[in-house]
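This report refers to the structure that appears directly beneath it.
The values are calculated or read from the model by the stated rules, or taken from the named source; none is laboratory data. Computed from a prediction, not measured in an experiment: that's the story for all the values here. FYI the Cβ positions are ideal-geometry reconstructions off the backbone, even for glycines, and counts take in every protein chain you see. Surface areas here come from the heavy atoms of the whole protein model, side chains and all, with no ligands, DNA or RNA. Shrake-Rupley method; radii C 1.70, N 1.55, O 1.52, S 1.80 Å.
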Amino acid sequence: MAIHAAVYHLTHYKYDRPIMLGPQIIRLQPAPHSRTKVLSHSLKVSPPNHYVNLQQDPYGNFMARFVFPEPVTELKIEVDLVADMAVYNPFDFFVEPVAEIWPFAYPEDIRDDLSIYMKPDPIGPLLSDFMATIDRSCTNTVNFVVDLNARIQREVGYVIRMETGVQEPEVTLGVGTGSCRDSSWLLVQTLRHLGLAARFVSGYLIQLKPDLVSLDGPAGTANDFTDLHAWCQVYLPGAGWIGLDPTSGLLRGE
């Protein structure tokens with residue numbers, strides 16, 4: 001049975017004097033390829049004296065561009081959405097025979113389309129050392145990416161980091177900790193250096209208190225919980241973009 005989960009997300013800036021705002025690009029629209037269905041979504045922005053253009057970036061993500069022609073004393077962004085939290089098996093996918101065993105080469109007909117997701121940043125000494133410890137012998141591709149995701153979860157301690165931006169892999173490996181976006185970017189760069197197409201994903205993490213206490217596994221969250229979250233996707237021929245969450249060490253679920 002599916003559960004409907006509602007999310008309310010408020011961003012509110014107040015200014016001590018009237019200011020002119022430049023155009024605001026708001027990336028809080030549901031992704032068109034999201035596997036979890038978003039049943040309803042609204043985006044409210046104030047002050048009301050503005051005009052908006054809905055756009056898509058080159059990757060198909062929806063954006064809203066708000067322009068404020070007059071000085072403002074606040075900027076308020078409110079998102080309301082309802083998600084259909086229907087449980088699905090994250091391993092319910094098919095991998096083409098050409099990609100069942102890693103290492104593999106992407107078929108020529110999709111290689112150019114994936115090239116932007118395969119270009120890594122320059123590698124530093126700590127990431128180079130980390131890469132040197134990865135077993136390059138032939139193995140099942142799904143097992144390989146699952147194990148790599150779980151390894152980063154074990155070796156990078158999770159912290160809540162309020163600073164803006166994403167840590168470079170050298171920083172994350174050096175301090176041994178990172179936020180969800182930091183460990184996800186480390187996984188993206190690691191996969192790209194291994195020749196796999198990978199991309200960074202952001203969205204919401206919704207954790208609901210279970211109705212029954214688990215008898216043979218983790219108890220789960222004690223309260224319903226929602227927060228911004230980041231994870232990684234890797235492209236496997238046949239399966240498409242598969243979500244990996246190095247914060248939990250699990251594949252992305254509903």
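Structure notes:
- Exactly one residue out of S202, S184 is open to solvent by less than 20 Å² (accessible area, probe 1.4 Å), within 11 Å of the chain's Cα centre (by Cα) and hydroxyl-bearing (S, T, Y): that is S184.
- Qualifying residue in the stretch 170-177 (condition: in contact (Cβ under 8 Å) with a residue 24 or more places away in the chain and open to solvent by less than 20 Å² (accessible area, probe 1.4 Å)): no
- Test: residue in the stretch 160-170 that is in contact with a Leu (Cβ under 7 Å, 6 or more places away or on another chain) and assigned to a helix (DSSP H, G or I): yes
- Residue selected from the stretch 207-249 under the condition at pLDDT 90 or above and of a type in the set (V, I, T), by the criterion farthest from P32 (Cα to Cα): T247
- Inside the stretch 91-140, residues that are among the β-branched types (V, I, T), within 24 Å of the chain's Cα centre (by Cα), farther than 12 Å from H193 by Cα and part of a loop (DSSP other than H, G, I, E, B) make up a count of 1.
- For the stretch 61-99, a residue qualifies if it is aliphatic (A, V, I, L, M) and open to solvent by 30 Å² or more (accessible area, probe 1.4 Å), and the qualifying residues are V82, A86, V87, V98.
- Matching residues, the stretch 5-24, being assigned to a strand (DSSP E or B) and surrounded by fewer than 12 Cβ atoms within 10 Å (Cβ to Cβ): Y8, L10, H12, K14, D16, R17, P18
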